[in-house]
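Colleague: Let me begin by handing over the structure; questions about it come next.
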């Protein structure tokens, strides 16, 4: 029997958000999208955290108890932060569709600081060469050539690759995808890779293996990183690498924000502006105390 931070779930409280996002009510597609999977998993997460409690009965103590239980099982602080974030998002969805009147304050442990690994161009090239499987090599090429997240890259289908206009359409035709996705032009790296892969395609998905869509490249990515000799790197570090590479080369922050699919320019500025070649230069130019200025008392 599943257990919550407070004990066994008996009987389980019927989570509204799960009922509105059940598999039977989702659009029938060859493969459930990641947002569908997220909704389903969030319904399960709700039951695992609070069991048969109604949303208005959830307190910060329940969330802290869940945190303590997960940490005792060896789950990291960052993972618990994310899991409780799923719970918060599930409740917001329930409120948005008028299934609950109000939502409680969901306490989360602080998000731990993680250092972003920014690859050099040589390291990026070595990572691609280190991929033994063609589907992993193509995925890495698209990750580094579009600044896309891994989800949109694995979701990408050939009907959204326009060879005539040279545009890769990462957005899905839905209204529930949570994070921004951009329409990105192909370049001298991504276009040849896509043109080479297209004739051999066995499915609608750009990234496929053995005639089946690929759900994860985590293992092959780790193997490629090890084979390339570049050291530890995370898949999401490739997105940071692309953003910093563009910013450092002088690309306008507004343009980089559009390529990243950020909904707000301030997110891009706060995260990446410091990588601009002349960032803060205008300010520090006034800090010359070597010679007194004329007219200064």
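The values are calculated or read from the model by the stated rules, or taken from the named source; none is laboratory data. In this text the structure is predicted, and so the values were computed from the model without any measurement. Heads up, the Cβs are rebuilt from the backbone with ideal geometry, glycines too, and the neighbour counts pull from every protein chain shown.
Colleague: What are the pairs, 6+ residues apart or on separate chains, where a residue within the stretch 193-208 that is within 12 Å of residue 154 (Cα to Cα) has its Cβ under 8 Å from a residue that is at pLDDT 95 or above and exposed (fewer than 12 other Cβ atoms within 10 Å of the Cβ)?
Modeller: As it stands, the answer is 204/159; 208/202, since those pairs meet every condition given.
Colleague: Let me ask something additional. Could you list, in sequence order, all residues of the stretch 234-279 that are closer than 16 Å to residue 123 by Cβ and part of a helix (DSSP H, G or I)?
Modeller: Within the stretch 234-279, 237, 238, 239, 240, 241, 242, 243, 244, 245, 248 meet the criteria.
Colleague: Looking at the stretch 116-129 only, could you name the residues that are closer than 16 Å to residue 189 by Cα and buried (at least 20 other Cβ atoms within 10 Å of the Cβ)?
Modeller: Those that are closer than 16 Å to residue 189 by Cα and buried (at least 20 other Cβ atoms within 10 Å of the Cβ): 124, 127, 128.
Colleague: Do we have any residue at all in the stretch 65-76 that's under 20 Å from the mean Cα position of the chain (by Cα), surrounded by fewer than 16 Cβ atoms within 10 Å (Cβ to Cβ), farther than 30 Å from residue 223 by Cβ and not assigned by TED's automatic domain parsing to the domain that holds residue 247?
Modeller: no
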